[in-house]
Amino acid sequence: MSNLKSLWILLGIAILAVGCSNDSDDEPIVLEAGTLSGGPFTITVDGIPDMISGVTLDASDVVGSNRTYVVTDDSRNILGVPPTLADLEGVDFDAAGVGTCFVYHLVYEDGLTGLEPGTNLDNLVGDHDLSNRIVVTRNGLNAGTLSGGPYTILVDGTPDMISGVSLDDSELNGTNQTYVITDDERNILGLPPTIEALEGVNFDGAGVGVCFVYHLTYEDGLTGLEAGMNLDGFSGAYALSNRITVTRNGLNAGTIGGGPYTILVDGTPDMVSGITLDDAELTGSKQRWVITDDENNILGLPPTIEAVEGVDFDGAGVGTCLIWHITYEDGLMNLEAGYNVSDLEGFYALSNSITVTRNGLNAGTIGGGPFTITVDGNPDMVSGITLDDAELTGSKQRWVITDDENNILGLPPTIDAVEGVDFDGAGVGTCLIWHITYEEGLMNLEAGYNVSDLEGFYALSNSITVTRNGLNAGTISGGPFTFDVDGTPDMVSGITLDDSELTGTNQTYVITDDENNILGLPPTLDAVEGVDFDAAGSGVCLIWHATFEDGLVGLEAGKNVADLEGFYALSNSITVTRN
């Protein structure tokens, strides 16, 4: 074993001898940047220049044609290249802001590229060597750490302060100190200089919301530090501590349950029941119940649930009521019937609301028509009327027939009775058919009254129109005509009859003088155009078309149109002037 060991030693000596036999001029130069001493350094970034000192370089084994110092950030990005120790110790590290710097010594040969601010040490190309690094930590200002809270107060008009706030200032730095109170959007509300001043602040006076309390450290020249400004508007060297929250809650009226309720306004008292109040989070010195309409006008103020459940909502008529629970402090103004909730002034809170819908009677929906009849002496009834009673309410039912001004003409009790009414007998005009629902005690539901005269609990359905048209004699055209009475026969021609809307069983033409005295009754247009108007002498004739029903009295020569009795209609007239 000892012989084997000796062999390995001899081989090693031989190898070294061979290596040492090379010409020394062929050996590469090994660069050596030396060793830096000093630091690490820690500065506070506060707007005041901060340099480092006491850095030394052990140059006993430094090798390299060119030398410099290099300052980088913590990602090895080059920030500066001070050539000497004196230049390095003149660098203001405060200006670099919060972060970490590394300081190196660099040796390199000619031709090195990438050695400039903005590049990275990892991108250097060429012969070079870096020393160890010295760390420069650039800390910002430190405002310490606040303790205490969070705090919750009740905004009720009674002053509320906080207490037990403390500041751990073991790492605190900075020339100036204060406390800052902001809202939840970082708007500055106040700047108490000490904890004692902070604990004297009345947070109740700020109303409902959230406040944040900070400790601030800063250097001279800070701008934006005043009430009304925002923390984000600061300009200068400063630091904020953590924040303490002060929640300013309003009064809480609890949560009510029950309903919603729907009643029928019919003269019968209607109360609600089963209302509950969850008062687990209830606050406030005084309590009450409030009943409003749907526009928050106060109708009543029952003091208890029992009083609420004793209210007759039927008496309020058709509409919507809201039931609320209110909590409030002394001094609340306008909490009385006749005011609106928006008129309340003072400290109060309303719960959620429960709806009471006060529906009126419902007469259903009727279908059928509209109907149009011709008033001609022949009975005319309607048919196919229906009543959708899916939502019908009310103790009593009836049908109502009115004219177009809502004057009551008849009160048939059933659809069959409605469909038995002879509308021809009402003459020319318009009728309306309604269904009515009502309660006992309704007044003036009889013929001769108007619907607007009804007094009591009732509802009318939609209406169906029955239009009662008279006979229509059509429209005649032609003329006017003018003749000279000279003994020569004079006839008219070119007369036409538009009978598109013509109605009536019997037809004729009528010739009258200008006072409507009947001169002749030619049955056809041909007969009209055969009349010799010269023979009538000087004057004015009128030509008409007439439609009529059997039984018409007075339709003969020598009578006046005003004497006609029965069902008839006259068209427009054409004038024949006999000069």
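The values are calculated or read from the model by the stated rules, or taken from the named source; none is laboratory data. From a predicted model like this one, the values you see are computed outputs, not experimental measurements. Heads up, the Cβs are rebuilt from the backbone with ideal geometry, glycines too, and the neighbour counts pull from every protein chain shown.
Selection of the stretch 237-269 for residues being at pLDDT below 95 and among the charged types (D, E, K, R) yields only Asp266. Kindly indicate the residue of the stretch 248-265 that is crowded, with 16+ Cβ neighbours inside 10 Å and part of a strand (DSSP E or B) and also farthest from the chain's Cα centre (by Cα) among those meeting that condition. This residue is Leu264.
Could you go through the stretch 503-521 and let me know if any residue there is among the small types (Gly, Ala, Ser) and surrounded by 18 or more Cβ atoms within 10 Å (Cβ to Cβ). Yes, the conditions are met somewhere in the stretch 503-521.
Per the conditions (1) surrounded by fewer than 16 Cβ atoms within 10 Å (Cβ to Cβ); (2) at negative phi, the sole criterion not satisfied by Val466 is (1). Inside the stretch 333-353, residues that are in contact (Cβ under 8 Å) with a residue 24 or more places away in the chain and either touching a His at 6+ places or on another chain (Cβ under 7 Å) or at negative phi (or both) make up a count of 14. All of Gly284, Gly274 fail the test of being among the small types (Gly, Ala, Ser), part of a loop (DSSP other than H, G, I, E, B) and buried (at least 16 other Cβ atoms within 10 Å of the Cβ), apart from Gly284. Of Gly369, Gly394, all but one fail to be outside the structural domain of Val308 (by TED's automatic domain parsing), part of a loop (DSSP other than H, G, I, E, B), touching a residue at least 40 places away in the same chain (Cβ under 8 Å) and farther than 23 Å from Asn444 by Cβ; the exception is Gly369. The listed residues are Val55, Val62, and the only one of them that is over 27 Å from Ser235 (Cβ atoms), touching a helix residue (DSSP H, G or I) at 6+ places or on another chain (Cβ under 8 Å) and assigned by TED's automatic domain parsing to the domain that holds Val135 turns out to be Val55. Of the residues making up the stretch 30-58, those that are over 18 Å from Ala95 (Cα atoms), surrounded by 14 or more Cβ atoms within 10 Å (Cβ to Cβ) and not acidic (Asp, Glu) number 9.
Here's the yes/no breakdown for (1) exposed (fewer than 14 other Cβ atoms within 10 Å of the Cβ); (2) of a type in the set (Phe, Trp, Tyr); (3) under 46 Å from the mean Cα position of the chain (by Cα); (4) at pLDDT 95 or above:
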| site | (1), (2), (3), (4) |
| --- | --- |
| Pro412 | no, no, no, yes |
| Gly425 | yes, no, no, no |
| Thr437 | no, no, yes, yes |
| Glu440 | yes, no, yes, no |
| Gly470 | no, no, no, no |
| Ser477 | yes, no, no, yes |
| Leu497 | no, no, no, yes |
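Can you tell me which residue in the stretch 523-559 is surrounded by the most Cβ atoms within 10 Å (Cβ to Cβ), limited to those that are part of a loop (DSSP other than H, G, I, E, B) and touching a Lys or Arg at 6+ places or on another chain (Cβ under 8 Å)? Residue satisfying both the conditions and the ranking: Ser538.
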